[in-house]
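What follows is a set of notes on a single structure, which appears directly below.
The values are calculated or read from the model by the stated rules, or taken from the named source; none is laboratory data. Being a predicted model, the structure only gives us computed values, none of them experimental. Cβ sites come from the backbone with ideal geometry, for glycine too, and all protein chains shown count toward neighbours. Side chains included, ligands, DNA and RNA excluded: accessible areas come from the protein's heavy atoms. Shrake-Rupley method; radii C 1.70, N 1.55, O 1.52, S 1.80 Å.
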Amino acid sequence: MVATLTWLLGALTTASALLPAQRERVHALVQIIPTPATATATAVAAVLGILLLYLAGGLRRRKRRAWRAAVAVTVIVSASHVLKGLDIEEAVFSLAILALLVAARDEFHAKGDPTTRWLGLRVSVQLGVLGTALGMALLVANHSRIVGRPSLLTQLQHVLLGLIGVPGPLDFSSDRVADIVTATLLGYGLLIAFVTAYLVLRPSEPVALLTPEDEAELRALLGRQGRRDSLGYFALRRDKSLVWSPTGKAAVSYRVVHGVALASGDPIGDPEAWPGAIAAFRALAQDHAWVPAVIGCGEQGATVYGRHGLDALELGDEAIVTVAEFSLEGRPMRGVRQAVARVERAGYAVAVRRTRDIPAEEMNGLLTASAAWRGAAVERGFSMALSRLGDAADGDCVVVTAHRQGTLRGLLHFVPWGTDGLSLDLMRRDRTADNGLNELLIVRLIQEAPALGVIRISLNFAVFRSALERGERIGAGPVLRLWRSVLVLASRWWQIETLYRFNLKFRPLWEPRFILFPSTRDLPRIVMAALEAEAFLVRPRPVKRLLRRA
């Protein structure tokens, strides 16, 4: 309610500054204060009205720093309404919002990023210097239209006052030039104010880091409870952070992206300790005004998260092959059987090994080839990717390689799923290799699985698999058919239908995976954060450098 009313005050203040004031009120006001003061108050009201619109978002997230700024801005706004045109009604509404803010002060407790305010101060100073230089250059470019011969100090004073919306001492021979100079300086001043406000009030985004201590404890936990979730090993990514249950028997792995605390998979550890880990995760998110969310969560995890206030939406299905039930025989497997036979006749040799059994020199070659075959400019993956290969700590991982005439043509990388399972991490091949190579690699792994002590293998994740399957059935409704058509169209850029069709070849069991969120209005923000975490959206390099310095 406080955030909504503050937003309404910002909208009212901005509209009031743009609309002409009542003539009789202005006439009465100029008898007391000079006209330039009323113009200044109008400019200040316009700027602060827009600032209140932004502060309302911080108030909704219960940011303490946003509350402090809103109180100060509301005080100035109430005075500006009186000074710009005796707008008593708007001033009274401003004071009412101020009283409400003060009364609700205990509700705004979310912490901010301690480094953000210094970044905002530094950037505001830098932009201020740049804006001053721009303003002086603008005056130099129009020096012939300036009345008289003002000193350099007078020109500097005009620029500095213009940046905050106050009329300066210079006069111009052309009204058009005067309007351009005034609008340019005021626009740049607004830009400085908004950029500074964003950097000061934006949600904290700490650098995710898995400490050596957390990694050691997490590996021990996975050794005891790793069978529960095929995505558990991916929590060992070193660009994730952990929050532990009070007993230390369970943990949630997460990363903060755009103010979203994005967890992945089920909590790790004993299910009896999951509520404690989830409660700690929710408390951490609340303390920092982060939006809690989970992607790739299993059904059991979604149920427990649901008891802690998160809603679930089915995201897709994970394809799981049971080794004992897999066979190339029968008509349904005819396509895979023929592809495997064709690639074998082409002279491909397949090797299935644990990472610790691969010589260092050969592993370096695998790393080089994997990087060269990568289709995107950046390494994709967050919830279902380890994003490293050949690390000494990952000796239990499995690498499946294919060579033809001594040349590496394809590889798969699997991470442990407990002690008797594997989960696909990486699938890459030479683009000139024969079609069907990936099918051969997977079939050979399944055939060698008993020797590795593996009884189940998790393959690719198929996004919106059920929608694709149900949408092509006879009797599917128009909405479902339309949704399937949209997914097929999107598959031109993302491998949505392709992964589903590839997984379907192996006749797997389908395990649903979910995305969890606190409210529907947070979904767009969560989706954007998830796309960036998975590297489908990449921040420009200048933004990355700026945030890294912060």
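Points worth noting:
- Search result, residues across the stretch 78-89 that are open to solvent by 30 Å² or more (accessible area, probe 1.4 Å) and either modelled with pLDDT under 80 or on the phi > 0 side of the Ramachandran plot (or both): Val82, Leu83, Leu86, Ile88, Glu89
- Looking only at the stretch 390-409, and only at residues there that are touching a strand residue (DSSP E or B) at 6+ places or on another chain (Cβ under 6 Å) and assigned to a loop (DSSP other than H, G, I, E, B), the one that is surrounded by the most Cβ atoms within 10 Å (Cβ to Cβ): Cys397
- Listing of strands (runs of 3 or more DSSP E) fully contained in the stretch 242-302 that carry 1 or more residues being farther than 18 Å from Gly381 by Cβ, of a type in the set (A, V, I, L, M) and out of contact with any Gly (no Cβ under 7 Å at 6 or more places or on another chain): 250-257, 260-264
- Pairs meeting the criteria (first residue in the stretch 255-274 and closer than 19 Å to Leu218 by Cα, second residue β-branched (Val, Ile, Thr) and part of a helix (DSSP H, G or I), beta carbons under 6 Å, at least 6 apart or on different chains) are Trp274/Val304.
- When residues of the stretch 61-70 are limited to those that are part of a helix (DSSP H, G or I) and surrounded by 17 or more Cβ atoms within 10 Å (Cβ to Cβ), the one modelled with the lowest pLDDT: Arg65
- Ala371 outside any loop (DSSP other than H, G, I, E, B), within 28 Å of the chain's Cα centre (by Cα) and either at pLDDT 95 or above or not β-branched (Val, Ile, Thr) (or both): yes
- Any chance Ser151 is open to solvent by 30 Å² or more (accessible area, probe 1.4 Å), at pLDDT 80 or above and in contact with a helix residue (DSSP H, G or I) (Cβ under 7 Å, 6 or more places away or on another chain): no
- Candidates Ala371, Ala293, Ala351, Ala319, filtered to the one that is out of contact with any strand residue (DSSP E or B) (no Cβ under 7 Å at 6 or more places or on another chain) and not β-branched (Val, Ile, Thr): Ala371
- Selection within the stretch 343-359 - open to solvent by 70 Å² or more (accessible area, probe 1.4 Å) and either in contact (Cβ under 8 Å) with a residue 24 or more places away in the chain or of a type in the set (Val, Ile, Thr) (or both): Glu344, Arg356
- Answer residue from the stretch 48-60, given it is open to solvent by less than 60 Å² (accessible area, probe 1.4 Å) and out of contact with any Ser or Thr (no Cβ under 7 Å at 6 or more places or on another chain) and is farthest from Arg525 (Cα to Cα) among those: Leu51
- Flag if Leu411 is of a type outside the set (Lys, Arg) and closer than 18 Å to Thr368 by Cβ: yes
- Test: residue in the stretch 320-328 that is in a helix (DSSP H, G or I) and surrounded by 16 or more Cβ atoms within 10 Å (Cβ to Cβ): yes
Let's see how each residue does on (1) closer than 24 Å to Gly232 by Cβ; (2) at pLDDT below 95; (3) among the small types (Gly, Ala, Ser):
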position	(1), (2), (3)
Asn438	no, yes, no
Val463	yes, yes, no
Leu480	no, yes, no
Leu489	no, yes, no
Trp493	no, yes, no
Pro508	yes, yes, no
Ser519	no, yes, yes
Leu523	no, yes, no
Ile526	yes, yes, no
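- Residues (at negative phi and either aromatic (Phe, Trp, Tyr) or crowded, with 17+ Cβ neighbours inside 10 Å (or both)) located in the stretch 456-479: Arg456, Ile457, Ser458, Leu459, Asn460, Phe461, Ala462, Val463, Arg465, Ala467, Leu468, Gly471
- Filter pass, Val75 being modelled with pLDDT of 85 or more, assigned to a helix (DSSP H, G or I) and within 13 Å of Leu48 (Cβ to Cβ): yes
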